[in-house]
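Engineer: Below you will find the structure I want to go over with you.
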There are 2 protein chains.
Amino acid sequence: MIVRDFNIEKKTDRRVADQKWESVRLLLADDGMGFSFHITTIQAGSEHTFHYKNHFESVYCISGEGEIEDLATGKVHQITPGVMYALNLHDKHTLRARRELVLACCFNPPVTGKEVHRADGSYALAD
Amino acid sequence: MIVRDFNIEKKTDRRVADQKWESVRLLLADDGMGFSFHITTIQAGSEHTFHYKNHFESVYCISGEGEIEDLATGKVHQITPGVMYALNLHDKHTLRARRELVLACCFNPPVTGKEVHRADGSYALAD
């Protein structure tokens, strides 16, 4: 059994951060669960375009307020606590936070913790 | 892109319930994500023994207070908001809620939604 506390791990190298965005990886590939699990915080007023070409991701809103735009269709979905979106088609999307968003995210395949967002908004697959 | 709201889905057959326990399945096997994602609520004062022999499960505490006992070792871990446990060894465990627990749960392989807990605390694999 693995037990980890976000409030502790956010002070370790399990926390990765980029412009107006940070993520604490509570489970990574080397935990052997077959998925990774992250708590991600998106700063209020920020906007991010991601395109996980190599991963499926689900995102559950714990707190905050924002929206996600599906860039293939232009459709915008409101994000409030309790809303989940799942990128089952590797959907390219723009995420906007009106208030700080705290999100519980699952990735399949699991991320290793070494990934950085590439120019196209994707993560590379592990070697 | 799949978008679902816990506050709506909890009134549908995505909600399953048993004694002092309920779970709203926001993602199931047929969503094709390779994992399932559930928001599970454990009633205050209740105790549950589970043993997912065929699944890996991670559980993140959104709210509430309780504890998990690893029945192989007897070790007890406190559960408060921000704590995650992962049953990477298919660990048999007892979960106790002192205050109502709201938990974000990921299963690999994904559950189909038809499973019931068997006498041994496990879920069967899908056919």
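Every number in this text was worked out from the coordinates using simple rules, so none of it is lab data. All figures in this text were calculated on a predicted structure; none of them were measured in a lab. Note: ideal-geometry Cβ built from the backbone for every residue, glycine included; neighbour counts use all protein chains shown.
Engineer: In what sequence do A:20, B:114, B:92 fall when counting other Cβ within 10 Å, fewest first? Please report the intermediate quantities before stating the final value.
Structural biologist: Values: A:20 15, B:114 12, B:92 19.
The fewest-first ordering by Cβ neighbours comes to B:114, A:20, B:92.
Engineer: Please report Rg over Rh for the protein assembly as shown, where both radii come from the alpha carbon positions and Rh follows the Kirkwood definition. Working shown, then result.
Structural biologist: Numbers: Rg = 17.4 Å, Rh = 18.4 Å.
Expressed as Rg/Rh, it is 0.95.
Engineer: Where Lys and Arg each count +1 and Asp and Glu each count -1, what net charge lies around residue B:92 among other residues with Cβ under 10 Å from its Cβ?
Structural biologist: Working: positive: B:53; negative: B:69, B:70, B:91, B:120.
So the surrounding residues net to -3.
Engineer: Please rank A:102, B:59, fewest neighbouring Cβ atoms within 10 Å first, as an exposure proxy.
Structural biologist: Fewest to most other Cβ atoms nearby, the residues stand as A:102, B:59.
Engineer: How many nm is it between the label spots at residue A:54 and residue A:8, if each spot is 7 Å from the Cα in line with the beta carbon?
Structural biologist: 3.2 nm
Engineer: When you look at the Cβ of every residue in A:80-90, what mean number of other chain Cβ atoms sits within 10 Å?
Structural biologist: Mean partner shielding for this stretch: 6.
Engineer: Return the Rg/Rh value of region B:17-108, two decimal places, where both radii are evaluated on C-alpha atoms and Rh is the Kirkwood radius. Don't skip to the end; give the middle numbers.
Structural biologist: Values: Rg = 12.6 Å, Rh = 13.3 Å.
Rounded to two decimals, Rg/Rh equals 0.95.
Engineer: If we count every other residue with Cβ under 15 angstrom of residue A:9's Cβ, Lys/Arg +1 and Asp/Glu -1, where does the sum land?
Structural biologist: +1
Engineer: Now for a separate question. Which three extents, in whole angstrom, do the alpha-carbon atoms of region B:1-71 cover along their principal axes, largest first?
Structural biologist: Principal-axis extents of region B:1-71 (Cα, largest first): 38, 27, 20 Å.
Engineer: Ignore the peptide's own chain and count Cβ atoms of other chains within 10 Å of each Cβ in B:27-35; give me the average, rounded.
Structural biologist: That average works out to 5.
Engineer: Turning to a different aspect of this structure: Return the distance in nm (one decimal) between the two label points of a simple spin-label model at residue B:73 and residue A:116, each offset 7 Å from Cα along Cα→Cβ.
Structural biologist: Here the answer is 3.6 nm between the modelled labels.
Engineer: So, one more: By the scheme Lys and Arg +1, Asp and Glu -1, what is the net charge of all other residues having a beta-carbon under 11 Å from that of residue A:41?
Structural biologist: Details: positive: A:10, A:15, A:20; negative: A:22, A:100.
Residues close to residue A:41 contribute a combined charge of +1.
Engineer: Continuing with the same structure: Using a Gaussian network for chain B with springs between C-alpha atoms less than 10 Å apart, which of these wobbles most: B:101, B:26, B:89?
Structural biologist: Per the Cα network of chain B with a 10 Å cutoff, B:89 tops the list.
Engineer: Next question. To the nearest whole number, what is the average tally of beta carbon atoms from other chains within 10 Å of the beta carbons of peptide A:59-67? Don't jump to the answer; show the numbers that get you there.
Structural biologist: Working: counts 2, 10, 2, 6, 1, 0, 0, 0, 0.
Taking all residues of A:59-67 together, the mean is 2.
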